[in-house]
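Let me begin by presenting the structure, written as structure tokens, before commenting on it.
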């Protein structure tokens, strides 16, 4: 338990006896991170019998590294498709029939190279922001406005 023994957590209203009815449980692995745990009788709210328990836990949370991403929403798709067709034609086009595994592997490599080259050319990188809502899309704006309007109407009733 995080709260040391013999620390009262309750005062009885009628007898004013200090007792301990509340325990602060924590796993053994997290116990090493507890810096402070104690009851605060001087901060007891009015007309309550339980004392607040202040617990300070120090833990290190590693930040996730953000990988650069591409913004496919801002692509001019007509230009993208035209460039992709040109890249595929430049690499030899599609063969009539794939007969062996080696031919399939080579075709796959050529197609993937054409796609990657086209993406590099036409798809811009996303400008990261700490405040960015990754799930947001501009198409959601009319729906958000409609939701707010409906909330205001519902509040009036």
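Read the figures in this text as sums done on the coordinates, not as results from a lab. Owing to the predicted nature of the structure, the values given are computational and were not obtained by experimental measurement. Methodologically, a virtual Cβ is constructed for each residue, glycine included, from the backbone with ideal geometry; neighbour enumeration extends over all protein chains shown.
Taking 0.36 nm per intervening residue step and subtracting the Cα-Cα distance, what contour gain separates residue 59 from residue 117 on full extension?
16.5 nm
For 110, 130, 69, what's the fewest-to-most ordering of other Cβ within 10 Å of each Cβ?
130, 69, 110
Starting from the Cα of residue 139, step 7 Å along the direction of its Cβ; do the same at residue 94; then give the gap between the two resulting points in nm.
Label-label distance for residue 139 and residue 94, simple model: 2.7 nm.
Distance from the Cα centre of the range 23-53 to that of the range 1-21, in angstrom?
With the range 23-53 and the range 1-21 each reduced to a Cα centre, they are spaced 11 Å.
If N is the number of residues in the chain, what value comes out of its Cα radius of gyration divided by 2.2 N^0.38 Å?
2.12
Which residue fluctuates the most in the chain, going by a Gaussian network model with Cα springs under 10 Å, if the choices are 45, 62, 124?
45
At R0 = 35 Å, how high is the FRET efficiency between residue 86 and residue 126 if r is their beta carbon distance? Nearest 0.05 is fine.
For residue 86 and residue 126, the calculated efficiency is 0.85.
If each DSSP helix of 4+ residues adds -39,500 (n - 2.57) and the sum is divided by the residues in the chain, what number results at 222 nm, nearest 500 deg cm²/dmol?
Details: 4 runs with 56 residues, N = 157.
My calculation for the chain gives -11500 deg cm²/dmol from helical runs alone.
Within a 10 angstrom radius of the beta carbon, how do 105, 29 rank from fewest other beta carbons to most?
Placing the least packed residue first, the sequence is 29, 105.
When a footprinting reagent is the concern and you count Cβ atoms within 10 Å, what order do 80, 51, 131 take, fewest first? Don't skip to the answer; put the middle values down first.
Details: 80 16, 51 22, 131 4.
Taking fewest neighbouring Cβ atoms as first place, the list is 131, 80, 51.
How big is the gap, in Å, between the Cα center of the range 86-157 and the Cα center of the range 58-81?
11 Å
Hey, got the Cα dimensions of the range 72-122 along the principal axes, in Å, largest first?
39, 15, 14
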